[in-house]
Amino acid sequence: MMQPDDDALELEQGPKSGRLRDFSTQLAQRLRAAPSMPREPARLAARMGDIGFLFDMSTTGEIVALPEIAAVPWTKPWFRGLANVRGRLLGVFDLMLLSARAPMTPENSLQLIVLGDVLKVNAAVLVTRAFGLRNLKDLEPLGTVSDPLRPWERERFREADGTTLIELDLRRLVASEQFSAIGI
């Protein structure tokens, strides 16, 4: 786990747009500096409800405060609808519900992680909050996840404080039949 005195990016709890903007700015600065730094397996850490997840930085876009979401009729419950993020129309999905877990509640749905352009889908994941970058080398591996209901979950890790984080493979997620079949 990264210590507070390291160059850790931390976003304080809550959906305040100023903090989110500061976090996004810090993250962009670190990404610009990345070519000159040695490559380390860094992941964006985010919480969905009470579960921690790790997102590969190469497949994620920006983190935004939750905008208004327009419901779309005749879609599966995990597809929450469409949101306009700076003029870009995104499909918003509840990964928890898609993964056969309890759905994200309105009080837990505070931010969106926009999927990166490399995935070629206009979509975003509902999250409670993004809380920083984690290097895989600083985490204790707990083994691979082999759940056929969630083929996009790769490996589990434990932070020094005991928090368990599940690494997600967003490429595998968007390629899955479950993700692409939003109609009922």
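The values are calculated or read from the model by the stated rules, or taken from the named source; none is laboratory data. All values derive from a computational prediction rather than experimental measurement. Cβ coordinates were reconstructed from backbone atoms using ideal geometry, including for glycine residues, and neighbour counts include every protein chain displayed. Protein only, heavy atoms only, side chains kept; ligands, DNA and RNA dropped before computing areas. Shrake-Rupley method; radii C 1.70, N 1.55, O 1.52, S 1.80 Å.
Points to keep in mind about this one:
- Amide H contacts of E62: V114, each under 5 Å away and 5 or more positions distant or on a separate chain (H built 1.01 Å from N in the peptide plane; Pro and chain starts excluded).
- Between amide H atoms placed 1.01 Å from N, distances below 5 Å from A123 occur with G91, L115, all of them 5 or more places distant or on a separate chain.
- The share of accessible area on region 91-135 that comes from carbon and sulfur is 57 percent, using a 1.4 angstrom probe.
- Ratio of Rg to Rh for region 27-184: 0.95 [Cα atoms; Kirkwood radius as inverse mean 1/r over pairs].
- DSSP-assigned coil residues among GluC sites (Glu not before Pro) in region 85-184, each with at most 12 further Cβ atoms within 10 Å: E107
- The translational diffusion coefficient of region 100-180, from Stokes-Einstein at 25 °C and 0.890 mPa s with a Kirkwood hydrodynamic radius over alpha carbon pairs, comes to 171 µm²/s.
- For region 46-106, the list of chymotrypsin sites (Phe, Trp or Tyr not before Pro) that fall in a loop by DSSP and count at most 11 other C-beta atoms within 10 angstrom reads W74.
- Inter-centroid distance (Cα atoms) of region 68-96 relative to region 98-112, Å: 13
- Amide H to amide H distances under 5 Å link L110 with V127, T128, where only residues 5 or more positions off or on other chains count and H is placed in the peptide plane.
- Rounded to whole Hz, the Karplus (6.51, -1.76, 1.60) HN-Hα couplings of region 137-145, x for glycine and proline: 5, 8, 10, 8, x, 10, x, 7, 9
- Extending 7 Å from Cα along the Cβ direction at R21 and again at E177 yields two label points whose distance is 4.6 nm.
- Hz values of 3J(HN,Hα) by residue in region 46-60 - Karplus curve (6.51, -1.76, 1.60), Gly and Pro given as x: 9, 10, 10, x, 9, 10, x, 10, 10, 10, 5, 4, 6, 10, 10
- Estimated inter-spin distance, A102 and E62, nm [label 7 Å along Cα→Cβ]: 3.2
- For region 104-117, putting each phi into the Karplus relation 6.51 cos²θ - 1.76 cosθ + 1.60 with θ = phi - 60° gives couplings of 5, 8, x, 6, 9, 9, 10, 9, 10, 9, 7, 5, x, 4 Hz, in residue order, rounded to whole numbers and with x for Gly and Pro.
- The residue among L168, P77, L136 whose Cα reaches farthest toward the positive pole of the charge dipole of region 77-184, with charges on the beta-carbon of Lys, Arg, Asp and Glu, is P77.
- Kirkwood-based Rg to Rh ratio, region 95-135, C-alpha trace: 1.01
- Ranking D138, D169 from most to least accessible surface, computed with a 1.4 Å probe over the protein chains only, gives D138, D169.
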